[in-house]
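The values are calculated or read from the model by the stated rules, or taken from the named source; none is laboratory data. Being a predicted model, the structure only gives us computed values, none of them experimental. Note that we place each Cβ from the backbone using ideal geometry, even for glycine, and neighbour counts take in every protein chain shown. We work out accessible area using only protein heavy atoms, side chains counted, and drop any ligands, DNA or RNA first. Shrake-Rupley method; radii C 1.70, N 1.55, O 1.52, S 1.80 Å.
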Amino acid sequence: MSKEIFDKLRGMIRRVSVKSIDDSGEMQTATVEVADGIERKNVEVWQPYGLVGVPDTDGAISLAIAIGGDEGDMWVLPPSNPSQRMGGLRKGDVGVANKAGDRVIVGADGKIAVKAAVEADISVGGVSFKVDAAGVHVTGGGIWHDGVRIDKTHRHGAVVRGGEETDPPIE
């Protein structure tokens, strides 16, 4: 095998250092260092549908594929940053995490664990549910427990002014 063919084959798949990531376009792109001092810019990052991320580039690595052996036509797999990997999952678990330690773990045991450093928000239509250090905040819509409305619009029966307690909320 000639050196030229060997070099082409060797250059088809290579480990690269990720220098920067641009997530502003239709396709995420990266600037990668393919060899010491040799960079490729605007390299497409092929990501699975519905799952995206922009890791810190300090320590980020990826695997680059030169289409047809043409190093001018490269794409990279989604980058990783081993120093910020979540780790500690059990067999069958799936997790998503960021560098701050926020995470969602879907456990093989049927449990879903959500951890947020600052707050967790869920919004559906005009209703939002937020959990933060101060507590639970619900905006819009109503709140029911066992079919009985318990939000600020609920009513009580047998209300008598004075020091007595009311009956439980009614619908």
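Brief remarks follow.
- The set of residues in the stretch 29-69 that are under 25 Å from N98 (Cβ atoms), of a type in the set (D, E), in a strand (DSSP E or B) and open to solvent by 50 Å² or more (accessible area, probe 1.4 Å) contains only E44.
- Scanning the stretch 119-157 for residues being among the hydrophobic types (A, V, I, L, M, F, W, C), part of a loop (DSSP other than H, G, I, E, B) and surrounded by 10 or more Cβ atoms within 10 Å (Cβ to Cβ) gives a total of 2.
- Matching residues in the stretch 101-118 - criterion: being assigned to a loop (DSSP other than H, G, I, E, B), open to solvent by less than 70 Å² (accessible area, probe 1.4 Å) and under 23 Å from V54 (Cβ atoms): G101, D102, A116
- Residues of the stretch 76-87 classified as open to solvent by 40 Å² or more (accessible area, probe 1.4 Å) and either assigned to a loop (DSSP other than H, G, I, E, B) or in contact with a helix residue (DSSP H, G or I) (Cβ under 9 Å, 6 or more places away or on another chain) (or both), total: 4
- The set of residues in the stretch 98-115 being within 13 Å of M86 (Cβ to Cβ) and among the hydrophobic types (A, V, I, L, M, F, W, C) consists of A100, V104, I105, V106, A113.
- Of the residues screened, E26 is one that is surrounded by fewer than 14 Cβ atoms within 10 Å (Cβ to Cβ), of a type in the set (D, E, K, R) and modelled with pLDDT of 90 or more.
- Residues satisfying the stated conditions in the stretch 88-100, i.e. open to solvent by less than 60 Å² (accessible area, probe 1.4 Å), in contact with a strand residue (DSSP E or B) (Cβ under 7 Å, 6 or more places away or on another chain) and in contact (Cβ under 8 Å) with a residue 12 or more places away in the chain: D93
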